[in-house]
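Student: Below you will find the structure I want to go over with you.
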Amino acid sequence: LSRALEHSEVERYPYLCANLWYGSGVLTRMHGDLPQASVYLNESLQLWKGLNDHYHIGLTLNSLGVVLFNQSEYARAGELFAENLLLYEELGEANRVAIALNNLGNVAFKQGDLERAAMYYHQALQLMEGDQSHRRTVALLKLNLGEIARLRKEYAQSATLLHECVVINLELNDTENILFCLNNLVEIAIDQGQHALAAQVLGAAEALYEQSGAARSPVEAEDYDRQVAAVHARLAVDRFELAWSQGRAAILEELITEAIHSILDA
């Protein structure tokens with residue numbers, strides 16, 4: 001990478017180098033090195049600005065916003081998402097507009113404004129209504145609305161939305177958002193007192209992290225530690241370890257379906 005991005009190569013192949021910086025930033029973010037991801041993405045952003053490529057400027061602003069978001073810098077992330085939204089509205093890119101609205105919803109969510117977050121998510125989902133070519137975006141929006149329903153203790157609605165979301169994500173092999181769905185299922189199971197189920201889903205999530213090589217963000221790590229402690233407090237060690245190992249060994253799609261049914265029946 002460093003050799004390909006020497007100054008002379010950047011001048012000769014600016015589009016290639018901008019894409020290399022961008023791809024490196026996204027991969028580095030997924031593996032948990034957020035400061036280095038920010039460095040790569042900022043290099044990419046400067047090249048796209050020099051090329052006056054508004055589509056890729058917006059794409060990189062969004063990715064930088066995600067890095068800041070994962071570092072809990074919500075106000076700064078929101079500024080980048082808002083800038084990204086304006087760019088894609090001008091370009092008429094409906095899917096990218098929906099993603100920007102989703103991310104603004106995420107910021108509102110983290111700032112404790114569930115009503116504003118739900119407004120952004122619903123607005124984005126309406127924009128995507130009937131769109132079969134961007135199912136990943138639709139799944140993401142349903143995931144986020146499912147999380148809000150969970151926090152409102154509307155568990156049946158939450159489970160239904162999460163199931164619709166995870167069906168799409170399993171087809172697309174979208175590991176990151178499958179893990180978000182699993183996280184929400186754990187929270188519902190804990191709230192409902194289904195601690196063995198929560199341990200199974202935690203075990204399945206741990207197996208998926210290992211298989212994919214994905215890393216937990218600092219926020220996700222805090223959630224995980226809290227969930228494990230909550231389940232440990234209610235289950236004997238042998239029962240926890242049994243349920244955990246069952247979850248790790250389970251076929252993921254089957255476990256999720258069983259978890260959804262258990263939540264709906266509770």
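The values are calculated or read from the model by the stated rules, or taken from the named source; none is laboratory data. Treat the numbers as computed from the prediction; the structure is a model and nothing was measured. Reconstructed Cβ throughout: ideal geometry from the backbone, glycine too, with neighbour counts over all protein chains shown.
Student: Output the qualifying pairs, or none if there are none: Cβ atoms under 7 angstrom, residues six or more apart or on different chains, first residue in region 234-262 and over 10 Å from Ala204 (Cα atoms), second residue at pLDDT 95 or above and not in a helix (DSSP H, G or I).
Tutor: Ser262/Gln194
Student: Only one of (1) hydroxyl-bearing (Ser, Thr, Tyr); (2) closer than 24 Å to Glu253 by Cβ; (3) buried (at least 20 other Cβ atoms within 10 Å of the Cβ) is not met by Thr175, so which one is it?
Tutor: (3)
Student: If you scan region 180-234, which residues turn out to be of a type in the set (S, T, N, Q) and part of a helix (DSSP H, G or I)?
Tutor: Residues of region 180-234 of a type in the set (S, T, N, Q): 183-184, 192, 194, 200, 211-212, 217, 227.
Hits for region 180-234 are Asn183, Asn184, Gln200, Gln211, Ser212, Gln227.
Student: With respect to Leu47, determine if the residue is under 15 Å from the mean Cα position of the chain (by Cα), surrounded by 16 or more Cβ atoms within 10 Å (Cβ to Cβ) and either under 24 Å from Val138 (Cβ atoms) or of a type in the set (A, V, I, L, M, F, W, C) (or both).
Tutor: Answer is no for this residue.
Student: Let me ask you something else. Of all residues in region 134-172, which are assigned to a loop (DSSP other than H, G, I, E, B) and within 19 Å of the chain's Cα centre (by Cα)?
Tutor: His134
Student: Would you mind stating whether Arg116 is modelled with pLDDT of 95 or more, closer than 30 Å to Ala233 by Cα and either in contact with a helix residue (DSSP H, G or I) (Cβ under 9 Å, 6 or more places away or on another chain) or aromatic (Phe, Trp, Tyr) (or both)?
Tutor: Here the answer is no, as Arg116 does not meet what is asked.
Student: Quick one: which residue in Ala205, Ala196, Ala230, Ala249 is buried (at least 21 other Cβ atoms within 10 Å of the Cβ) and at pLDDT 95 or above?
Tutor: Being buried (at least 21 other Cβ atoms within 10 Å of the Cβ) and at pLDDT 95 or above holds for just one of Ala205, Ala196, Ala230, Ala249, which is Ala205.
Student: Those residues that are crowded, with 20+ Cβ neighbours inside 10 Å, among the hydroxyl-bearing types (Ser, Thr, Tyr) and under 19 Å from Gly25 (Cα atoms), I need them from region 61-110; list them, please.
Tutor: If the condition is that a residue be crowded, with 20+ Cβ neighbours inside 10 Å, among the hydroxyl-bearing types (Ser, Thr, Tyr) and under 19 Å from Gly25 (Cα atoms), then Ser63 is the only one that fits.
Student: So, Val167, is that one crowded, with 24+ Cβ neighbours inside 10 Å, more than 22 Å from Val97 (Cα to Cα) and either aliphatic (A, V, I, L, M) or in contact (Cβ under 8 Å) with a residue 12 or more places away in the chain (or both) or not?
Tutor: No; evaluated as a whole, the condition is false for this residue.
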